[in-house]
Amino acid sequence: MFSTSGSRRYSSFHSEHRQVPSLRQIDPWPWIQLNPETAEEYGITDGDWCEVYNMLGEARFKAEITPVIKPGILNCAHGWWFPEQDGEEPNLFGVWKSNFNSLVPHFNVGKLGFGAPFKGVMCNIRRVRSLDQD
């Protein structure tokens with residue numbers, strides 16, 4: 001399976017505004033978009049919590065089933081953190097719980113030395129009970 005990230009919605013700017021109640025109502029949870037065929041293959045239904053994972057890490061999102069995404073592709077939300085959670089280390093408002101960057105190799109930069117050359121990664125997906133439970 002292949003996953004991509006960087007998709008944003010109008011209710012936030014990158015990771016900003018998650019703490020604004022009216023904007024959080026519009027987009028309350030980190031989301032992952034997947035095709036109905038892919039969802040059926042993995043036993044995932046709309047609104048289920050899912051864990052996307054690979055050998056580098058994992059991240060959790062709520063499933064949005066849509067025919068717009070090709071089968072075998074996952075599209076993960078960008079820039080999530082949880083202002084309602086503890087801000088002290090190591091939690092840091094849950095910044096690592098739904099962070100697609102946890103699945104991307106770090107310290108690999110492009111030939112010019114700028115940015116990461118990754119726009120997507122190979123991964124797998126499974127249904128879980130919640131943001132914090134398997």
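The values are calculated or read from the model by the stated rules, or taken from the named source; none is laboratory data. Bear in mind the structure is a predicted one, so any value in this text is a computation, not a measurement. We place every Cβ from the backbone using ideal geometry, glycine too, and count neighbours over all the protein chains shown. Just so you know, the surface numbers come from the protein's heavy atoms only, side chains and all, with ligands and any DNA or RNA stripped out. Shrake-Rupley method; radii C 1.70, N 1.55, O 1.52, S 1.80 Å.
Side notes on the structure shown:
- Looking only at residues of region 68-94 that are closer than 20 Å to Ser5 by Cβ and surrounded by fewer than 16 Cβ atoms within 10 Å (Cβ to Cβ), we find that the one that is nearest to the chain's Cα centre (by Cα) is Ile73.
- Evaluated against (1) within 17 Å of Trp80 (Cβ to Cβ); (2) open to solvent by 10 Å² or more (accessible area, probe 1.4 Å), Ser3 falls short on exactly one condition, (2).
- Any chance Ser7 is in contact with an Asp or Glu (Cβ under 8 Å, 6 or more places away or on another chain) and in contact (Cβ under 8 Å) with a residue 60 or more places away in the chain: no
- Region 26-53 - residue that is open to solvent by 60 Å² or more (accessible area, probe 1.4 Å) and among the charged types (D, E, K, R) and, of those, farthest from Pro67 (Cα to Cα): Glu41
- In the set (1) under 15 Å from Cys123 (Cα atoms); (2) assigned to a loop (DSSP other than H, G, I, E, B), the condition left unmet by Val68 is number (1).
- Set Leu23, Leu56: member being under 21 Å from Arg126 (Cα atoms) and modelled with pLDDT under 95: Leu56
- Region 111-134, subset in a strand (DSSP E or B) and open to solvent by 80 Å² or more (accessible area, probe 1.4 Å), residue modelled with the lowest pLDDT: Met122
- Some residue of region 99-110 being modelled with pLDDT of 90 or more and more than 16 Å from the chain's Cα centre (by Cα): no
- Top-ranked residue in region 10-19 [being touching a His at 6+ places or on another chain (Cβ under 9 Å) and open to solvent by 40 Å² or more (accessible area, probe 1.4 Å); ranked as modelled with the highest pLDDT]: Ser15
- Check on Glu84, part of a loop (DSSP other than H, G, I, E, B) and acidic (Asp, Glu): yes
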